[in-house]
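*Asks:* Quick one: structure below, then a few questions.
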Amino acid sequence: MAKRTAFSRLNAPTDMTVGTPWKSILSFTIPMLIGNIAQQLYNTVDSIVVGKYIGDNALAAVGSSGPILNMLLVLFIGISAGASIMVSQYFGAKNREALSYTIGNCITVTAICCVALIVLMAPFIRPILVALNTPASIIDGCASYLMICLVGMAGLAYYNILSGMLRGLGDSFSALVYLLVATVINIVLDIFFVAVVQMGVGGVALATVIAQIISSILCLIKLARMREYFDFGMKYLKPVSTYIKTVIRLGLPSGLTQMIFSSAMIIVQSLTNSFGEQFIAANVVIMRVDGFAMMPNFSFGTALTTYAGQNVGAGLYDRVTKGAKQGTLMAVVTSTTITGIILLFGKGLMGIFTETQALVDLSYRLMMILAAGYIAVAVTQSLSGIMRGAGDTMTPMWISLITTVAIRVPIAYGISFLTRTPELPYGRQECIQISLLLSWLIGAVLTAIFYARGKWKTKALK
């Protein structure tokens with residue numbers, strides 16, 4: 001009976017307005033960090049299966065598809081961010097009716113957006129790839145991967161949004177369980193579709209879509225059973241302009257932030273593509289290892305968003321400030337430790353993806369440039385999480401706009417142009433990683449300055 005009670009506590013919403021701040025943040029972060037590891041494992045297995053069973057060109061195809069897929073998801077990232085903030089603040093304020101309408105309306109809006117996105121974007125997948133100078137050797141694989149992901153967009157979208165709602169309620173454990181289920185399904189289907197059925201890159205996309213659909217259904221069932229905290233029924237699915245406008249107001253900056261980042265990635269991807277298939281494949285390997293380095297940062301950032309949202313909803317601003325200091329310190333220490341591990345064992349990790357030694361060496365050399373930036377991102381994500389949770393989603397958006405558009409893209413192309421030689425007609429490959437590192441460092445400084453100014457304390461929902 002004791003075990004069942006302990007499990008029930010893990011599986012229930014958490015009130016982060018009481019108890020020691022760092023303990024609340026850490027207990028919420030750990031399941032999410034494990035979930036992010038699973039999510040990264042998801043992506044890593046995709047790359048390992050593709051690299052081992054199909055080849056380096058297929059690995060490059062999956063990598064080139066990433067920025068475009070992220071661009072397709074920006075709308076849902078915005079809805080998820082807005083919903084999570086509203087859910088956490090209304091939960092903290094114990095506002096049952098507002099919480100019920102927020103959850104119901106977000107489910108409806110997501111369905112409408114999924115249909116619209118498929119209809120509008122399907123004809124433009126290949127033209128976009130052509131415009132980005134995608135090498136002819138990988139363009140078919142890219143197109144196949146993206147088209148399957150687009151058709152299965154509902155699974156990708158609903159998992160992000162519904163798991164965001166669960167986290168807004170303080171339940172990071174259920175989201176973890178469902179993600180672990182999806183990860184196992186994804187791994188099994190990856191191997192089946194690629195190694196057995198030999199579907200190629202399309203099989204990887206299909207495995208991901210099926211796994212995400214299953215995890216989103218599990219999240220929906222979990223929410224439908226949480227009647228103790230809010231009401232769930234057809235009444236709340238009917239669109240109400242007040243809640244939709246609030247979701248848009250809070251979520252639009254986060255969606256635009258992701259769109260800015262994805263746009264910059266697409267612009268830089270065009271430069272990346274100019275360096276050839278091996279460099280593209282090296283960037284895929286870097287992104288997979290990079291994902292593990294970034295996990296603590298995103299996990300603590302999301303935890304602090306929920307923490308801030310609940311405490312701002314309850315009017316406990318001193319507690320928010322205390323939690324911000326403790327949470328940021330934990331994020332920095334964790335990120336520093338993981339970065340050190342990657343620096344020590346990076347070559348071994350990269351050798352998992354490919355047997356081509358030149359590709360391993362190139363990936364490791366480029367990864368070393370990024371290392372110091374992960375600690376800076378820990379600061380950015382933590383303090384941005386506090387501001388977003390308090391309702392200030394505009395400041396992180398502007399900082400992202402400055403660092404990505406005004407700093408990263410010009411520096412990448414600037415270094416490329418200035419280092420061109422007859423032997424290097426497109427300049428030095430390191431321009432991509434150097435520009436990213438500088439944008440991370442400047443982003444951390446700007447975020448710390450705007451957090452210290454404290455205007456985020458005036459943005460709570462009424």
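The values are calculated or read from the model by the stated rules, or taken from the named source; none is laboratory data. Worth saying up front: this structure is predicted, and the values here are computed from it rather than measured. Virtual Cβ from ideal backbone geometry, glycine too; neighbours counted across all protein chains shown. Heavy atoms of the whole protein, side chains included, go into the accessibility calculation; ligands, DNA and RNA do not. Shrake-Rupley method; radii C 1.70, N 1.55, O 1.52, S 1.80 Å.
*Asks:* Could you list, in sequence order, all residues of segment 196-208 that are under 19 Å from residue 140 (Cα atoms) and aliphatic (A, V, I, L, M)?
*Replies:* 197, 199, 201, 204, 205, 206, 207
*Asks:* Okay, next question. Take the residues in segment 428-448 that are outside any helix (DSSP H, G or I) and out of contact with any Phe, Trp or Tyr (no Cβ under 6 Å at 6 or more places or on another chain); name whichever of them is least open to solvent (accessible area, probe 1.4 Å). Spell out how you get there, then give the answer.
*Replies:* Step one: filter segment 428-448 for residues outside any helix (DSSP H, G or I), giving 428-430.
From what's left, out of contact with any Phe, Trp or Tyr (no Cβ under 6 Å at 6 or more places or on another chain): 428, 430.
Working: 428: 111, 430: 25 Å².
Among residues in segment 428-448 that are outside any helix (DSSP H, G or I) and out of contact with any Phe, Trp or Tyr (no Cβ under 6 Å at 6 or more places or on another chain), the one least open to solvent (accessible area, probe 1.4 Å) is 430.
*Asks:* Quick one: which residue in 125, 25, 37, 138 is open to solvent by 10 Å² or more (accessible area, probe 1.4 Å) and out of contact with any strand residue (DSSP E or B) (no Cβ under 6 Å at 6 or more places or on another chain)?
*Replies:* 37
*Asks:* Assuming residue 171 fulfils every condition listed in (1) surrounded by 19 or more Cβ atoms within 10 Å (Cβ to Cβ); (2) touching a helix residue (DSSP H, G or I) at 6+ places or on another chain (Cβ under 7 Å) apart from one, which condition is it?
*Replies:* Looking at each condition in turn, residue 171 falls short on (2).
*Asks:* If a residue must be surrounded by 18 or more Cβ atoms within 10 Å (Cβ to Cβ) and of a type in the set (A, V, I, L, M, F, W, C), how many such residues does segment 391-414 contain?
*Replies:* 7
*Asks:* Continuing with the same structure: So residue 107 passes all but one of these: (1) more than 30 Å from residue 243 (Cβ to Cβ); (2) touching a residue at least 12 places away in the same chain (Cβ under 8 Å); (3) assigned to a helix (DSSP H, G or I); (4) not hydroxyl-bearing (Ser, Thr, Tyr). Which condition number does it fail?
*Replies:* Result: residue 107 passes all but (1).
*Asks:* Taking only pairs six or more apart or across chains, which ones have beta-carbon atoms under 9 Å, a first residue in segment 406-428 that is closer than 15 Å to residue 439 by Cβ and in contact (Cβ under 8 Å) with a residue 12 or more places away in the chain, and a second residue that is assigned to a loop (DSSP other than H, G, I, E, B) and open to solvent by 90 Å² or more (accessible area, probe 1.4 Å)?
*Replies:* Going by the 9 Å Cβ cut-off, the qualifying pairs are 415/428.
*Asks:* For segment 7-22, give me each residue that is surrounded by fewer than 15 Cβ atoms within 10 Å (Cβ to Cβ) and either under 22 Å from residue 141 (Cα atoms) or modelled with pLDDT under 85 (or both).
*Replies:* 7, 8, 9, 11
*Asks:* Out of 77, 118, report the one residue that is of a type outside the set (Gly, Ala, Ser) and either crowded, with 24+ Cβ neighbours inside 10 Å or in contact (Cβ under 8 Å) with a residue 40 or more places away in the chain (or both).
*Replies:* Just a single option satisfies the conditions, and that option is 77.
*Asks:* Checking the conditions here, which among 56, 46 is more than 30 Å from residue 229 (Cα to Cα), modelled with pLDDT under 75, open to solvent by 10 Å² or more (accessible area, probe 1.4 Å) and over 16 Å from the mean Cα position of the chain (by Cα)?
*Replies:* None of the others qualify; the one that does is 56.
*Asks:* Would you confirm, using the coordinates I've provided, whether residue 383 is more than 28 Å from residue 284 (Cβ to Cβ), crowded, with 21+ Cβ neighbours inside 10 Å and either under 21 Å from the mean Cα position of the chain (by Cα) or modelled with pLDDT of 95 or more (or both)? Give the derivation first.
*Replies:* On the way: more than 28 Å from residue 284 (Cβ to Cβ): yes; crowded, with 21+ Cβ neighbours inside 10 Å: yes; either under 21 Å from the mean Cα position of the chain (by Cα) or modelled with pLDDT of 95 or more (or both): yes.
Criteria met by residue 383.
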